[in-house]
Every structure is written in C-alpha cells, then in structure tokens.
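Before any comments, here is the structure.
Throughout, read-outs are computed from the coordinates displayed, never taken from laboratory work. These numbers were taken from a predicted model, which means no experiment stands behind them. Don't worry about glycine lacking a Cβ; one is built from the backbone with ideal geometry, like all the others, and counts go over all protein chains shown.
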C-alpha cells in the first residue's frame, strides 16, 4: 500500500524548498522533521548526509536519494548593477535563461531573473536569437534599484552568494512538471517507502539505511556514510526519457549500466525478478551520460554491490517532467526490495 497523497505532497513541498548543491540545509531540515513524525531517528554524517536506520540489527543495505539540486553562484558584482553567475552542477545555460530566482546573500534573500546579456528585443532585434547560450552571456537582474557594483555591495551582495532557481511545479493529468524533480521525486518515493513501513504495511527483511545525500550533482553525494555492515547500495534517481532510450512514463526503469559501466549483476537481476514476481511495470535501460550516488560510492572505494532504480524523467536538468505512475511503480519496487533477502552471489560474479 502506498500513500499517494503523502508521496505527492512531499514531492511538491521539496521542489518548492530551495536546495541548490552547497546550500541544502532547508531541504534537510524539512526531511528531518518528516522522519521524526514517522517515529524515526535521523542521524548525520560529518558532511551532513541525513540518514535513518530501519530494521533490527546493523544495516546491511543502503537506499540513497539526493536532496541537492542544480543551482548557481554569484561570480561578480557587475558595473551595471547586475550579477554574473556560474552554474553549480552540470546544466545548460539555455535552461537558465528567463528563470526566476532567489539570491541568498549573507543577511537577506533577494528576487531576480536570469537574463541573456542581450535581452531587449526592441534594442537588439535578431541578436537576441543569435547570441550563444553560454553562462558567460547570462546575468541576474535583481528586483531592486541597484545602479552599479557599489550599490550591490551596499545592499549586501557578495561574490559567492547562492542562487536558487524557482521550481514552478504543476500537476496535470498525472504528470508532474517542475524543475528539480531530479532527485526530489526520488526522495519522495523513499519517504513514501518509509511511511509504508512505519504504518505497518511493509515488512523489512534486511536492516537498511535510508540516506538523503546532499552533493550528488557535483559527484560526491554517495562517497561516505555507509555502515560497516552494508553490503549493497540501491541508488534512487531519474531515468532518461528521450529518443533512443527505453524509459517510459508508466514504469520503473532498472538501469543496466551508466557511463561508469555495468551495475552489479546480482543486484540488477534481483530487481528485475522482484518486478516480475510483483507485477510491477518496468523497463531496462542504459545511460551514456549519467552517473549517480552508486558511482560515487564505488569510486570512493566502498566494497559494496550497487544498483540503480529510476523514475521516468523527460528533459532532465531542464524543464523536467515525470508521471505519478512511474513514481508509484518505483515505490512498489522499493517496498518489495526491502522485504526481500539479499541476492546470492555466485563465485566470479561481478
């Protein structure tokens, strides 16, 4: 049983809560409160990864989703009273143009818009269309009377201020359209799993850690924090819904490989078997330009098997869209996964 209203409510609250990588405290505090409401005991690593331990005994599994999102940082207070900025996390400047944002200075929050340097059609005519989409050609127009760099400084702006992009979520006919679904939709499915456990609807066969990492978008989210007995990590993240990809809006995607290489065969086969046994709509897919918390864990030297289960996502790192059917299918797989034994591993299996 899945509390669909809880899943969707958590998702919408999360995407409306700014948490660009490097400034995740607000989202972490929100999830901390929800975990306590479920009767769970939040714990933290030194770097700030939030996790809870579920089941009897030391965790032997970990499930990880990331709370950090794409964002930007102020790199210059410009002579024209605007702000130069640079992306944090890998995303294209063309998806930043026109975005409404909040700039977080030391003492205040300010609203603004990311604009290309040539933004006025009545001044630049077709040059608006021909200028390259590049971060060097973007600036933030702050919604305040700020005529020059001195005025920006006097108003409290500094190089290094964080810039959070508005999510602007909408729910339409089962589709959720929003920025930052990567990976807040994954976090919402993990929270829905935990609620189904604490409500008594799901039995936990193997103790596990539920982890909410905070720096996946810069490649270091899953580098640490696993208990010494953890043998297996299942990362929860987005699939790639695009031409030449198999992922679908009505299914969970089992990733067979990412840009690092194949996922561990025992984990992947176990996930596929669970989908078949529990009649969960699923597809298999491979990702060429993609990595997740699982890759970070392996590269950090953790001796654990890894897998990746995904919700559908169109226009990833842009104007994203998923569907509630995919989120439900992913949550059902997570429920089946925590209720199953660890897969056996034959000699020589990778």
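Quote to one decimal, in nm, the extra length available between residue 244 and residue 94 on full extension: 0.36 nm per residue of separation minus the C-alpha distance between them.
Values: separation 150, 0.36 × 150 = 54.00 nm, distance 2.27 nm.
Full extension from residue 244 to residue 94 adds 51.7 nm.
I'd like the orientation of helix 4-15 relative to the chain: the angle between its Cα long axis and the longest Cα principal axis, in ° from 0 to 90, rounded to 10.
Once rounded, the angle reads 40 degrees.
What span do the alpha-carbon atoms of the range 177-271 cover on each of the three principal axes, reported in whole Å from largest to smallest?
If we take the Cα atoms of the range 177-271, the spans are 39, 28, 28 Å.
Which order results if 69, 102, 126 are arranged by neighbouring Cβ count within 10 Å, fewest first? It would help to have the intermediate numbers written out before the result.
Numbers: 69 30, 102 16, 126 9.
Placing the least packed residue first, the sequence is 126, 102, 69.
Could you please state, rounded to a whole Å, how far the C-alpha centre of the range 272-350 is from the C-alpha centre of the range 90-159?
Result: 38 Å between the Cα centres.
Given that compact globular proteins tend to follow 2.2 N^0.38 Å, what is the ratio of the alpha-carbon Rg of the chain to that value?
Details: Rg = 21.1 Å, N = 350, 2.2 N^0.38 = 20.4 Å.
Cα-based Rg divided by the globular estimate yields 1.04.
Does anyone have the angle between helix 25-37 and the longest principal axis of the chain? Alpha-carbon axes, 0 to 90°, nearest 10?
30 degrees
In the range 320-343, whose amide N lies under 13 Å from the spot 7 Å out along Cα-to-Cβ of residue 205? List them in ranges.
Under 13 Å, as judged by backbone N against the label point of residue 205, lie 334-343 of the range 320-343.
Report the full-extension gain for the segment residue 276 to residue 3: residue separation times 0.36 nm, less the Cα-Cα distance, to one decimal in nm.
Numbers: separation 273, 0.36 × 273 = 98.28 nm, distance 2.25 nm.
Net length gain for the segment: 96.0 nm.
Using a ≥ b ≥ c from the Cα gyration tensor of the range 71-165 (square roots of the eigenvalues), is it rounded, prolate or oblate, where a/c under 1.5 gives rounded and otherwise the larger of a/b and b/c decides, a/b for prolate? Please report the intermediate quantities before stating the final value.
Details: a/c = 2.11, a/b = 1.36, b/c = 1.55.
Oblate is the answer for the range 71-165, as a/c is 1.5 or above yet b/c matches or exceeds a/b.
Counting other beta carbons within 10 Å of each Cβ, put 250, 129, 161 in order, fewest first. Display every interim value, and only then the final one.
Details: 250 14, 129 10, 161 22.
Fewest-to-most Cβ neighbours within 10 Å comes out as 129, 250, 161.
Using a 10 Å cut-off around each Cβ, can you sort 82, 100 from fewest to most neighbouring Cβ atoms?
On the way: 82 21, 100 13.
Lowest to highest Cβ neighbour count: 100, 82.
Could you pull the Rg and Dmax for the range 286-347, using just the Cα atoms, both in Å?
According to the Cα coordinates of the range 286-347, Rg and Dmax are 14.6, 45 Å.
Applying 1/(1 + (r/R0)^6) with R0 = 41 Å to the Cβ-Cβ distance of residue 78 and residue 198, what FRET efficiency is obtained, to the nearest 0.05? Mind showing how you got there, number by number?
Values: r = 51 Å, r/R0 = 1.23.
So, using R0 = 41 Å, E works out to roughly 0.20.
Once R0 is set to 41 Å, what does the formula 1/(1 + (r/R0)^6) return for the Cβ-Cβ distance between residue 43 and residue 172, expressed as a FRET efficiency to the nearest 0.05?
On the way: r = 38 Å, r/R0 = 0.92.
Calculated value: 0.60.
Taking R0 as 41 Å, what's the FRET efficiency between residue 108 and residue 289 from their Cβ-Cβ distance, rounded to 0.05?
Efficiency at R0 = 41 Å is approximately 0.60.
Helix 181-198 against the longest principal axis of the chain: what's the angle in degrees, Cα atoms only, rounded to the nearest 10?
40 degrees
If a/c stays under 1.5 just call it rounded; otherwise compare a/b with b/c (prolate if a/b is bigger, oblate if not). Do that for the range 144-231, with a ≥ b ≥ c from the square roots of the Cα gyration tensor eigenvalues.
Values: a/c = 3.71, a/b = 1.83, b/c = 2.02.
Cα axes put the range 144-231 in the oblate bin.
Multiply the residue separation of residue 123 and residue 231 by 0.36 nm, subtract the distance between their alpha-carbon atoms, and state the gained length in nm to one decimal. Display every interim value, and only then the final one.
Values: separation 108, 0.36 × 108 = 38.88 nm, distance 6.10 nm.
Length difference between fully extended and current span is 32.8 nm.
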